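> Before I ask anything, let me first share the structure, which is written out below as structure tokens.
The values are calculated or read from the model by the stated rules, or taken from the named source; none is laboratory data. Remember, predicted model here, so these are calculated numbers, not experimental data. Reconstructed Cβ throughout: ideal geometry from the backbone, glycine too, with neighbour counts over all protein chains shown.
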């Protein structure tokens, strides 16, 4: 985990300086599909080269630095795909990297502390993982294709779901961060371990990192993507 100085990011700032201050911006670049070797480029130069809306990039980068989203109304229809790409790449990070990492830590803890409490953590995290996978699969299979059709001014195929809308997505959109907080409480407050405090610390750090990522993910969906889609729906006479 890293403590940032919470610099409010602006177009003329050098990306390398911002990364030195807050290394989690490397993950943000990765989610955008941007090479993390940024050389001496400014934020503005990177956005121009990668053809990413500058306001969108800065808005999300500032989320990583702890600031609320700004300039959302300036993000228009053509940049819907950039948001979806970012979210899809973040899904792969959760499923292919972070969740397996946490699973390995829990298994190692159980090897060193063969007790019912760790089995409870294991069961709790297994249920949580299934919830996350279900939620992300729903977005990948149902939500994002619909949003992409709208962004390209296409009518959503009847064979898919003629009556789907962003309101339905909002109703389905659950808070998948809550159970992570409960799991952290188990490890910090309720479960005593006699062996390997180092593993417990690594597990907790990984949980904090995943929680931070999921919070940003939710803010992007709730504060940027859904308002943009509702605006497009209104333009298309939907809802």
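> List every residue pair whose Cβ atoms sit under 8 Å apart, with the two residues 6 or more apart in sequence or on different chains, where the first one lies in segment 188-217 and is outside any helix (DSSP H, G or I) and the second, anywhere, is modelled with pLDDT of 90 or more.
196/108
> Same structure again: Against the conditions (1) modelled with pLDDT of 90 or more; (2) in a loop (DSSP other than H, G, I, E, B); (3) closer than 28 Å to residue 187 by Cα, where does residue 114 fall short? Just the number, please.
(1)
> In this structure, does residue 104 turn out to be out of contact with any helix residue (DSSP H, G or I) (no Cβ under 7 Å at 6 or more places or on another chain) and within 24 Å of residue 212 (Cα to Cα)?
Yes, satisfied.
> For segment 71-81, state whether one or more residues are crowded, with 18+ Cβ neighbours inside 10 Å and in a helix (DSSP H, G or I).
Restricting attention to segment 71-81, the residues satisfying the condition of being crowded, with 18+ Cβ neighbours inside 10 Å are 75, 79-80.
Applying the additional criterion that residues be in a helix (DSSP H, G or I) yields 79-80.
Yes, that holds for at least one residue.
> Still on this structure: Name the helices (runs of 4 or more DSSP H) wholly within segment 1-64 that hold at least 1 residues that are over 23 Å from residue 78 (Cβ atoms)?
15-21, 25-32, 54-64
> Still on this model: Take segment 10-28 and flag every residue that is closer than 17 Å to residue 220 by Cα and free of Cβ contacts under 8 Å to residues at least 60 places away in the same chain.
25, 28
> Mind checking whether some residue in segment 39-54 is touching a residue at least 60 places away in the same chain (Cβ under 8 Å) and surrounded by 13 or more Cβ atoms within 10 Å (Cβ to Cβ)?
Looking through segment 39-54, none of the residues is touching a residue at least 60 places away in the same chain (Cβ under 8 Å) and surrounded by 13 or more Cβ atoms within 10 Å (Cβ to Cβ).
> Taking the options 215, 225, 207, 199, name whichever one is over 23 Å from the mean Cα position of the chain (by Cα) and at pLDDT 70 or above.
Just one listed residue meets the conditions, 199.
> What are the residues in segment 93-114 that are surrounded by 14 or more Cβ atoms within 10 Å (Cβ to Cβ) and more than 15 Å from residue 201 (Cα to Cα), if any?
Result: 93, 94, 95, 98, 99.
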